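Engineer: Once you've had a glance at the structure underneath, I'll fire off some questions.
The values are calculated or read from the model by the stated rules, or taken from the named source; none is laboratory data. Keep in mind that what you see is a predicted model, and the values were worked out from it rather than measured. Quick reminder, even Gly has a Cβ in these numbers, built from the backbone with ideal geometry, and neighbours come from all protein chains shown.
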């Protein structure tokens, strides 16, 4: 019997508009009422994930920053963290600025960005539909190196690098991989999102990768949680679509990939569900839990 379900957000639970379908909400609610531990596991920062957890009526835990931290919703506190050192963040900023490539820095509470492009533009557009207290906190910073240098205690969860040009993107990520004490996620395909602007639907496509501290992974965070909750790995369902979900899909008792997942994830999944636009998550929960 499965007792714990880890669910990725973007490309998995959320559709292309960044929304959760009514069917998925109802299914998650029924699972929680049945005593199943539903845990969101995403690369998003805390505030963005809090909003989604509240929407689903969750009172347990979520995993943010791709496993950089675990958050106890009821106690309103971080219970596990593994963040990037500030000096490593500054090295990465230098490389990005020197090569004019887009980047964003995710801290515990805010996404720092030099400009609104790519994935941060998507979050910004999401914010336009949300109440003030439910928005993802985004801060546009003019001189990032100086700003980060002067920051006091702050947890740097991850850094994303984005570009529309494949050759530029890969040349910069190659340089960043030479920095020690960090890990760079290997993502070969383009990210595709749709932004609503009035009656128009604007596709946003770009290459991206995510940089974290060594040994940051959603599965490592899940292992911390299931040990705390006295749950075994074979009692875990993990649902995702991208390379940052690979390890949890590989190690869970039931690893599930979305239908349009990256091929590397499809190949190691025990089951393939429908797409994020066709209630793939709800279908898994209905089949294995309800």
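Engineer: Is it the case that the stretch 32-40 has a residue that's modelled with pLDDT under 95 and under 14 Å from the mean Cα position of the chain (by Cα)?
Structural biologist: So far as the stretch 32-40 goes, no, none of its residues is modelled with pLDDT under 95 and under 14 Å from the mean Cα position of the chain (by Cα).
Engineer: Looking only at residues that are without any contact (Cβ under 8 Å) to a residue 60 or more places away in the chain and closer than 23 Å to residue 223 by Cβ in the stretch 57-73, which one is surrounded by the most Cβ atoms within 10 Å (Cβ to Cβ)?
Structural biologist: Step one: filter the stretch 57-73 for residues without any contact (Cβ under 8 Å) to a residue 60 or more places away in the chain, giving 57-60, 62, 71-73.
Going one step further and asking which of them are closer than 23 Å to residue 223 by Cβ, we end up with 58-60, 62, 71-73.
Numbers: 58: 21, 59: 11, 60: 18, 62: 27, 71: 24, 72: 16, 73: 17.
That would be 62.
Engineer: I've got another one for you. Which residues, taken from the stretch 37-61, are in a helix (DSSP H, G or I), in contact with a helix residue (DSSP H, G or I) (Cβ under 8 Å, 6 or more places away or on another chain) and under 21 Å from residue 212 (Cα atoms)?
Structural biologist: Correct list: 48 only.
Engineer: Ok, one more. Is at least one residue of the stretch 95-107 farther than 17 Å from residue 161 by Cα, surrounded by 19 or more Cβ atoms within 10 Å (Cβ to Cβ) and in contact (Cβ under 8 Å) with a residue 24 or more places away in the chain?
Structural biologist: no
Engineer: Considering only residues that are assigned to a loop (DSSP other than H, G, I, E, B) and closer than 18 Å to residue 111 by Cβ, which ones fall in the stretch 12-36?
Structural biologist: If the condition is that a residue be assigned to a loop (DSSP other than H, G, I, E, B) and closer than 18 Å to residue 111 by Cβ, then 18 is the only one that fits.
Engineer: State all residues of the stretch 145-159 that are under 20 Å from residue 43 (Cα atoms) and touching a helix residue (DSSP H, G or I) at 6+ places or on another chain (Cβ under 6 Å); if no residue qualifies, say none. Give the derivation first.
Structural biologist: Just the residues of the stretch 145-159 that are under 20 Å from residue 43 (Cα atoms), to begin with: 154-159.
Hits for the stretch 145-159 are 156, 157, 158, 159.
Engineer: Condition first: touching a strand residue (DSSP E or B) at 6+ places or on another chain (Cβ under 9 Å) and under 23 Å from residue 125 (Cβ atoms). Can you find one or more residues in the stretch 66-86 that meet it?
Structural biologist: Yes, the conditions are met somewhere in the stretch 66-86.
Engineer: In the stretch 115-144, what residues are over 19 Å from the mean Cα position of the chain (by Cα) and under 20 Å from residue 103 (Cα atoms)?
Structural biologist: Within the stretch 115-144, 115, 140, 141, 142, 143, 144 qualify.
Engineer: Also, I was wondering about something else. Tell me the strands (runs of 3 or more DSSP E) entirely within the stretch 194-282 that contain at least 2 residues that are at pLDDT 90 or above, touching a helix residue (DSSP H, G or I) at 6+ places or on another chain (Cβ under 6 Å) and surrounded by fewer than 20 Cβ atoms within 10 Å (Cβ to Cβ). Let's see the steps before the verdict.
Structural biologist: Working: elements: 200-213, 236-240, 254-257.
In the stretch 194-282, no matching strands (runs of 3 or more DSSP E) lie anywhere.
Engineer: Given (1) surrounded by 15 or more Cβ atoms within 10 Å (Cβ to Cβ); (2) closer than 24 Å to residue 128 by Cβ, where does residue 32 come up short, assuming only one miss?
Structural biologist: Exception for residue 32: condition (2).
Engineer: Are there any pairs, at least 6 apart or on different chains, whose C-beta atoms fall under 7 Å, with the first in the stretch 268-284 and in contact (Cβ under 8 Å) with a residue 60 or more places away in the chain and at positive phi and the second surrounded by 16 or more Cβ atoms within 10 Å (Cβ to Cβ) and in a helix (DSSP H, G or I), and if so, which?
Structural biologist: 279/24
Engineer: Can you say whether residue 127 is surrounded by 20 or more Cβ atoms within 10 Å (Cβ to Cβ) and within 18 Å of residue 51 (Cα to Cα), as far as the supplied structure shows?
Structural biologist: Judged against the criteria, residue 127 is not a match.
Engineer: Here are some conditions: (1) without any contact (Cβ under 8 Å) to a residue 60 or more places away in the chain; (2) over 28 Å from residue 219 (Cβ atoms); (3) in a helix (DSSP H, G or I). Residue 148 meets all but one. Which one does it not meet?
Structural biologist: (1)
Engineer: Go through the stretch 108-134 and report how many residues are over 24 Å from residue 205 (Cβ atoms) and free of Cβ contacts under 8 Å to residues at least 24 places away in the same chain.
Structural biologist: Qualifying residue count, the stretch 108-134: 3.
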